[in-house]
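S.K.: Take a look at this one; I'll ask things after.
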Amino acid sequence: MKPSWLLRLALAVVIPTAALTSSAVFAQAAQAQVETAEQKAERLQWWTDARFGMFVHWGLYAVPGGEWKEGKNYGEWIMDEARIPRAEYERLAEHFVPVKYDADEWVRIAKNAGMKYIVITSKHHEGFAMWDTKATDYNIAERTPYGKGVLKELADAARRQGLHFGTYYSIMDWHHPSQSGEIPGRYNPTRIDPQRKREYIDEMKAELKELVTGTGTEILWFDGEWLNWWTNEDGRELYAYLHSLNPDLIINNRIGKGRDGMQGMDKGEGVGDFGTPEQEIPPLGYGPGVYWESCMTLNDHWGFNKNDHHWKSPETIVRNLIDIASKGGNYLLNVGPTAEGLIPQPSVERLSEVGKWMKANGESIYGTQASPFDAPLAWGRVTRKPGRLYLHVFDWPKDGRLALPMGIQYSRAYLLAAPDQPLKIQYAKEGASLAVPAIAPDPIASVIVVETAQARH
Ligand code: GLC
């Protein structure tokens with residue numbers, strides 16, 4: 001008698017409470033906590049295999065293209081740096097008319113470069129939503145003559161061409177009425193009206209839910225988290241919420257206090273799935289189970305700047321990618337399209353050159369693991385797959401002998417470009433070396449495959 005009464009009481013009290021606080025959120029929060037290292041590795045598998053992705057910074061800042069009054073060096077921070085009043089900034093939307101936007105073409109450019117995923121700004125610090133959202137009217141569909149969103153189109157095009165799709169989202173919002181700048185005339189960092197923080201977070205959740213369910217985004221790439229009012233606790237709650245919508249989502253560490261790249265991710269601390277070194281490559285990797293992605297610009301700006309011609313060379317880009325892969329990381333390389341919807345031609349050209357190298361040598365990048373050696377080698381970098389090493393030679397030896405690292409038993413070696421012409425492995429007191437042709441087969445990086453009989457460690 002008693003137990004059934006108790007049971008009924010429990011059902012009456014507990015279930016509605018759980019339903020109110022969203023039982024799914026609890027279930028997912030619990031799941032996130034108990035996810036094993038293997039499960040995480042599996043969830044992030046496609047992303048770690050991919051190694052190379054395209055970052056896209058696109059928003060109203062593309063309209064002035066980096067120029068405001070006498071200033072010429074602005075980018076996506078123009079609203080803050082040029083101290084543009086909100087009402088004046090809003091009017092940029094009237095000139096955002098991306099009639100040349102062709103999502104399929106953007107994806108082709110990324111794919112042709114060897115990139116396997118695209119991450120685009122859904123809402124940058126300026127607070128302008130690049131999709132047709134119901135959560136705010138400050139969005140591309142409502143405020144621009146173009147009259148429709150651009151994210152779903154890119155997501156669909158990416159999927160059609162076999163690429164993965166992700167979205168960047170800024171926590172800091174210079175336009176939102178709950179937030180105001182701490183410094184007069186400036187927006188960053190914002191402070192929030194404490195009465196309205198909950199409301200703002202709910203609005204963020206509504207927007208993020210649209211991105212997850214509407215565009216099918218697979219990555220959520222947060223930013224603008226350095227504000228005093230945003231806490232790791234807020235990040236953890238948001239992480240659990242997002243995983244309740246889709247447990248496969250991959251989320252960066254800036255959902256918590258993730259500034260300065262790794263921010264404890266290498267020590268198993270921090271919120272989110274992967275670290276985000278910005279404009280830099282860590283000197284060494286972090287070992288297995290630590291995930292990271294270096295994001296970098298192609299010139300010196302994230303958002304479109306018409307005066308910035310300081311482009312990275314294809315050699316730098318390819319060598320950065322190799323360096324990153326040899327340390328077990330991903331490379332997210334940015335383009336800043338114009339307000340008309342074009343990826344600037346110099347970016348397109350460089351990416352196409354990178355693509356030529358990737359077509360011949362992609363096997364040495366995709367699905368590889370970090371080098372087994374503790375430090376980068378004098379002549380270049382190493383990646384590996386089970387039973388083989390890929391030697392990426394930047395500085396081709398002048399004497400026809402490439403010194404091989406000690407501690408490994410080598411069985412067969414050949415140029416990736418000429419698999420049926422084995423290279424001779426020579427053993428001497430100082431260690432093993434390879435007899436290689438006099439001239440580097442590839443001026444950017446020549447790849448030699450070495451099959452390893454057995455690693456000694
Ligand atoms: C920075 C900047 C931002 C850029 C981002 C990319 O946090 O605030 O403009 O989007 O880094 O990593």
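The values are calculated or read from the model by the stated rules, or taken from the named source; none is laboratory data. What you see is a predicted model; the values in this text were computed from it and never measured. Note that each Cβ is placed from the backbone with ideal geometry, even for glycine, and that neighbours are counted across all protein chains shown. Surface accessibility is based on the protein's heavy atoms, side chains included, excluding ligands, DNA and RNA. Shrake-Rupley method; radii C 1.70, N 1.55, O 1.52, S 1.80 Å.
S.K.: Filter segment 240-263 for residues that are open to solvent by less than 40 Å² (accessible area, probe 1.4 Å) and part of a helix (DSSP H, G or I); which is farthest from the ligand (Cβ to nearest atom)?
M.R.: Checked segment 240-263; the qualifying residue farthest from the ligand (Cβ to nearest atom) is Ser244.
S.K.: Restricting to segment 424-448, give me the number of residues that are open to solvent by less than 90 Å² (accessible area, probe 1.4 Å), in a loop (DSSP other than H, G, I, E, B) and farther than 26 Å from Val354 by Cβ.
M.R.: Qualifying residue count, segment 424-448: 1.
S.K.: Looking only at segment 338-393, which residues are in contact with a Gly (Cβ under 6 Å, 6 or more places away or on another chain), buried (at least 21 other Cβ atoms within 10 Å of the Cβ) and assigned by TED's automatic domain parsing to the domain that holds Pro64?
M.R.: Met358
S.K.: So, one more: Quickly run through segment 30-75 and pick out the residues that are of a type in the set (D, E, K, R) and under 21 Å from the mean Cα position of the chain (by Cα).
M.R.: Going residue by residue through segment 30-75, those that are of a type in the set (D, E, K, R) are 35, 38, 40, 42-43, 49, 51, 67, 69-70, 72.
Correct list: Lys40, Glu42, Arg43, Asp49, Arg51.
S.K.: Only residues that are in a loop (DSSP other than H, G, I, E, B) and in contact (Cβ under 8 Å) with a residue 40 or more places away in the chain: list them for segment 375-402, please.
M.R.: Here is the first cut: in segment 375-402, the ones in a loop (DSSP other than H, G, I, E, B) are 375-376, 378-379, 386-387, 394-400.
Result: Ala375, Pro376, Gly387, Phe394, Trp396.
S.K.: Now a separate question. I'm trying to understand the selection: among the residues of segment 264-287, which are within 13 Å of the ligand (Cβ to nearest atom) and in a loop (DSSP other than H, G, I, E, B)?
M.R.: Within segment 264-287, Thr276, Pro277, Gln279, Glu280 qualify.
S.K.: Would you call Asp49 more than 14 Å from the ligand (Cβ to nearest atom), touching a residue at least 24 places away in the same chain (Cβ under 8 Å) and surrounded by fewer than 23 Cβ atoms within 10 Å (Cβ to Cβ)? Please lay out each step first, then the result.
M.R.: Numbers: more than 14 Å from the ligand (Cβ to nearest atom): yes; touching a residue at least 24 places away in the same chain (Cβ under 8 Å): yes; surrounded by fewer than 23 Cβ atoms within 10 Å (Cβ to Cβ): yes.
Yes.
S.K.: Now for a separate question. Name the one entry in Glu237, Glu233, Glu225, Glu199 that is under 24 Å from Val56 (Cβ atoms), of a type outside the set (S, T, N, Q) and either away from the ligand (no atom under 16 Å from the Cβ) or assigned by TED's automatic domain parsing to the domain that holds His125 (or both). Show your work before the answer.
M.R.: On the way: Glu237 fails: under 24 Å from Val56 (Cβ atoms); Glu233 fails: under 24 Å from Val56 (Cβ atoms); Glu199 fails: under 24 Å from Val56 (Cβ atoms).
Of the residues listed, the single one that is under 24 Å from Val56 (Cβ atoms), of a type outside the set (S, T, N, Q) and either away from the ligand (no atom under 16 Å from the Cβ) or assigned by TED's automatic domain parsing to the domain that holds His125 (or both) is Glu225.
Yes/no matrix, rows are residues, columns are (1) in a loop (DSSP other than H, G, I, E, B); (2) of a type in the set (Asp, Glu); (3) more than 14 Å from the chain's Cα centre (by Cα):
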residue: Gly289; (1), (2), (3): yes, no, yes
residue: His301; (1), (2), (3): yes, no, yes
residue: Lys306; (1), (2), (3): yes, no, yes
residue: His309; (1), (2), (3): yes, no, yes
residue: Lys312; (1), (2), (3): yes, no, yes
residue: Ile317; (1), (2), (3): no, no, yes
residue: Asn320; (1), (2), (3): no, no, yes
residue: Ile324; (1), (2), (3): no, no, no
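S.K.: Run Met130 past the list (1) more than 17 Å from the chain's Cα centre (by Cα); (2) of a type outside the set (D, E, K, R); (3) more than 21 Å from Ile78 (Cα to Cα) and report the number of the one that doesn't hold.
M.R.: Here Met130 clears every test but (3).
S.K.: I'd like the residue in segment 293-346 that is in contact (Cβ under 8 Å) with a residue 60 or more places away in the chain and among the polar types (S, T, N, Q) and, out of all such residues, is farthest from the ligand (Cβ to nearest atom).
M.R.: Ser326
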